[in-house]
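Asks: My questions all concern the structure below.
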Amino acid sequence: MEIQLSLGAGRPYENFSADEGASAEMILNDVRDKVEYSVYAALVNNQVRALTEELKAGDRLQFLDIRSKQAFLMYQNSLVMLFLASAKDVIGDQHVEVRMSLNQGLYIEVTSCAVDEDQTAMIGVRMEELIDQDLPFELRKYSKKEGRKLLVEEGLDETSRVFDKFRDSDEVRIYCLNGYSDFFFTDLVPSTAYLRHFEVMKYREGILLRYAQPEKPDEIPAYKDEYLMYRAFKEQSDWNELLGVKYVADLNEKIRAGKSFDMIQMSEALHDQKIVEIARMITSLHKRVVLILGPSSSGKTTFARRLIVHLKVQGLDPLYVGTDDYFKEREDCPVDENGERDYEGLDALDLELFNRQMKDLLAGKKVDMPVFNFITGHKEYGSRITRITQDQPIIIEGIHSFDRELTQDIADYSKFRIYISPLIHINLNAHNRIPTTDTRIIRRLIRDSRTRGSDAADTLKRWSQVHSGENQNIFPQAGEADTFFNSVHVYELAVMKKYAVPLLEKVGPDEPEYPEASRLLRLFEFVESMDGDQLIANTSIIREFIGGGVFA
């Protein structure tokens, strides 16, 4: 039979002859020496499929490595399944939870017993043994009742709750590996032999499962401890305990029980509590310059404005400065490889002017601060002539705020750095993590639709470029922070559902963004929709995206 084959994203489709009923994996074996990186998934007629998918004449097949988000998640979940099966062989039937993304991998806790370094090493050895045996990840399909029964017998009672929103007639897909069975949100790779790039190490109260990243798909990145992220996770875990919401099923039960208002109020109060704590730190340390950094759709604007309010309660009168007002004149801005003005890089900012004015402000001098006109592409003066006292801190927010070159003329001891992002979210269940980037993507596509008239396909298309800029300008600087602020709300997926789903449903099956839109739509199938936006305060970070806020 004839199919159309592409060896990877961005590579052309060409005619390819294959045996009738051949799987994507069979074809991969014929052309493996022609693909650039390890392949983990297939795109068949613009839908993400496991490599075991059988093809038909006329199908369009593209191979996906971990530079594709869908393949990356498939690779991660396959490693998790391998880890869980190996852990069961080493430590028996214990309760294992995949908690969060950390240190270029996943942070995992065995909550029912203590696991030491020797046992952790034995789990890693067992994983290698199962890889050498090239065992299949066997997909089995059950009715809802049968699937739940199987998972309960496996000791996965919490996982069985994932199916609460399924109809009795729905099919349940469960993977089996070496006698261990589990449910995963994505498909898995065909066999353990695909999983070569990983390491297992003991980390604080749990275990790190580290693996290759999209930037370098076939190697494990150098280890760098992300302790502040870990500390933020422990804090969020305590919050979730207070809220009684650990997994999506808990969220759904709260909504169905009519407890949405209490959950929202408590979550907002916990945010306020953390912002008060940060404001007191700034005050007690007598910091003059507060730098706020975070990736797209983190809620930086609302957070900064709320922080200013709480600093005023502490008796301070902060000055807010957005670095966007210090862009170079449009004709002086650098251009990218496509000949378009590049506003993402540090070179787009007038660093000399910024440093001079910040230094003058700290010295008590009067400064004529610019306002950048994005229509004309020029800075305008005269409307923000400002002077501050020795007690007034400056709040600086922008994508380069942690870059030392931005504030090179300001003494380091006077700076306080805050990193904000949706760092840790509730998970689907104990073994299926919801990526925090999903929270930001969902936030952004709702805001883009509301404020720019952009459709979901436009936002998803631009996201890879946005994320690339974050990898270069933001994420590497997170370790410089003095404190982290986790801007996520446990209830927000339920609120966002009614806004996001109609937008995602408009992405057509022939559009390149369709696979990602389909994945996000499937995620929302597990989430109960929460109506009644009036329950959400107009000072909430959520308002920055759904509208109705007083700060954004």
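Asks: For the stretch 350-406, please list each of the strands (runs of 3 or more DSSP E) lying entirely inside it that holds at least 1 residues being free of Cβ contacts under 8 Å to residues at least 12 places away in the same chain.
Replies: By residue number, 371-373, 378-380.
Residues are listed down the side, and each one gets a yes or a no for (1) among the aromatic types (Phe, Trp, Tyr); (2) in contact (Cβ under 8 Å) with a residue 60 or more places away in the chain; (3) assigned by TED's automatic domain parsing to the domain that holds residue 255:
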| site | (1), (2), (3) |
| --- | --- |
| 489 | no, yes, yes |
| 508 | no, no, yes |
| 519 | no, yes, yes |
| 526 | yes, yes, yes |
| 534 | no, no, yes |
| 537 | no, yes, yes |
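Asks: Here's a follow-up. Got at least one residue in the stretch 229-251 being modelled with pLDDT of 95 or more and surrounded by fewer than 16 Cβ atoms within 10 Å (Cβ to Cβ)?
Replies: Among the residues of the stretch 229-251, not one is modelled with pLDDT of 95 or more and surrounded by fewer than 16 Cβ atoms within 10 Å (Cβ to Cβ), which makes the answer no.
Asks: May I ask you to say which residue of 428, 353, 423, 361 is touching a helix residue (DSSP H, G or I) at 6+ places or on another chain (Cβ under 9 Å) and not assigned by TED's automatic domain parsing to the domain that holds residue 490?
Replies: On the way: 428 fails: not assigned by TED's automatic domain parsing to the domain that holds residue 490; 423 fails: not assigned by TED's automatic domain parsing to the domain that holds residue 490; 361 fails: touching a helix residue (DSSP H, G or I) at 6+ places or on another chain (Cβ under 9 Å).
The match here is 353.
Asks: Using the structure shown, decide if residue 454 is part of a helix (DSSP H, G or I), free of Cβ contacts under 8 Å to residues at least 12 places away in the same chain and either of a type in the set (Gly, Ala, Ser) or assigned by TED's automatic domain parsing to the domain that holds residue 268 (or both).
Replies: Values: part of a helix (DSSP H, G or I): no; free of Cβ contacts under 8 Å to residues at least 12 places away in the same chain: yes; either of a type in the set (Gly, Ala, Ser) or assigned by TED's automatic domain parsing to the domain that holds residue 268 (or both): yes.
No: the conditions fail for residue 454.
Asks: Cβ-Cβ distance below 7 Å, separation of 6 or more or different chains: which pairs start in the stretch 271-287 with a residue that is more than 14 Å from residue 315 (Cα to Cα) and end on one that is part of a helix (DSSP H, G or I)?
Replies: From the stretch 271-287, the pairs are 275/306; 275/307; 275/310; 278/307.
Asks: Looking at the stretch 457-483, which of the residues that are in contact (Cβ under 8 Å) with a residue 40 or more places away in the chain and among the β-branched types (Val, Ile, Thr) is farthest from residue 277 (Cα to Cα)?
Replies: Looking at the filtered set, the residue picked out is 466.
Asks: Something else: Filter the stretch 43-77 down to residues that are more than 19 Å from the chain's Cα centre (by Cα) and small (Gly, Ala, Ser), then give me how many there are.
Replies: Number satisfying all stated conditions: 3.
Asks: Quick one: in the stretch 264-298, which of the residues that are hydroxyl-bearing (Ser, Thr, Tyr) and either touching a strand residue (DSSP E or B) at 6+ places or on another chain (Cβ under 6 Å) or surrounded by 16 or more Cβ atoms within 10 Å (Cβ to Cβ) (or both) is farthest from residue 309 (Cα to Cα)? Lay out the reasoning, then the answer.
Replies: From the stretch 264-298, those hydroxyl-bearing (Ser, Thr, Tyr) are 267, 283-284, 296-298; that's our starting set.
Among the residues that remain, those that are also either touching a strand residue (DSSP E or B) at 6+ places or on another chain (Cβ under 6 Å) or surrounded by 16 or more Cβ atoms within 10 Å (Cβ to Cβ) (or both) are: 267, 283, 296-298.
On the way: 267: 19, 283: 13, 296: 23, 297: 21, 298: 19 Å.
Looking at residues that are hydroxyl-bearing (Ser, Thr, Tyr) and either touching a strand residue (DSSP E or B) at 6+ places or on another chain (Cβ under 6 Å) or surrounded by 16 or more Cβ atoms within 10 Å (Cβ to Cβ) (or both), I get 296.
Asks: Name the residues in the stretch 346-373 that are of a type in the set (D, E, K, R) and in contact with a strand residue (DSSP E or B) (Cβ under 8 Å, 6 or more places away or on another chain), would you? Give the steps one after another, and end with the answer.
Replies: Step one: filter the stretch 346-373 for residues of a type in the set (D, E, K, R), giving 347, 350, 352, 356, 359-360, 365-366, 368.
The answer is 350, 360, 366, 368.
Asks: With the checklist (1) closer than 30 Å to residue 253 by Cβ; (2) in contact with a strand residue (DSSP E or B) (Cβ under 9 Å, 6 or more places away or on another chain) in hand, flag the one item residue 438 doesn't pass.
Replies: (2)
Asks: Can you report the number of residues in the stretch 163-204 which are among the polar types (S, T, N, Q) and without any contact (Cβ under 8 Å) to a residue 60 or more places away in the chain? Explain how you work it out, then say what you get.
Replies: Just the residues of the stretch 163-204 that are among the polar types (S, T, N, Q), to begin with: 169, 178, 181, 186, 191-192.
Remaining after also requiring without any contact (Cβ under 8 Å) to a residue 60 or more places away in the chain: 169, 181, 191.
Of the residues in the stretch 163-204, 3 are among the polar types (S, T, N, Q) and without any contact (Cβ under 8 Å) to a residue 60 or more places away in the chain.
Asks: Considering (1) surrounded by fewer than 19 Cβ atoms within 10 Å (Cβ to Cβ); (2) in contact (Cβ under 8 Å) with a residue 60 or more places away in the chain; (3) not in a loop (DSSP other than H, G, I, E, B), say which one residue 442 fails and leave the rest.
Replies: Here residue 442 clears every test but (1).
Asks: Does residue 273 meet the test of being more than 22 Å from the chain's Cα centre (by Cα) and outside the structural domain of residue 107 (by TED's automatic domain parsing)?
Replies: On the way: more than 22 Å from the chain's Cα centre (by Cα): yes; outside the structural domain of residue 107 (by TED's automatic domain parsing): yes.
Here the answer is yes, as residue 273 does meet what is asked.
Asks: Out of curiosity, is residue 140 in contact with a Cys (Cβ under 9 Å, 6 or more places away or on another chain) and of a type in the set (D, E, K, R)? Lay out the reasoning, then the answer.
Replies: Values: in contact with a Cys (Cβ under 9 Å, 6 or more places away or on another chain): yes; of a type in the set (D, E, K, R): yes.
For residue 140, the condition - in contact with a Cys (Cβ under 9 Å, 6 or more places away or on another chain) and of a type in the set (D, E, K, R) - is met.
The values are calculated or read from the model by the stated rules, or taken from the named source; none is laboratory data. Everything quoted here is computed from the prediction, not taken from an experiment. We place every Cβ from the backbone using ideal geometry, glycine too, and count neighbours over all the protein chains shown.
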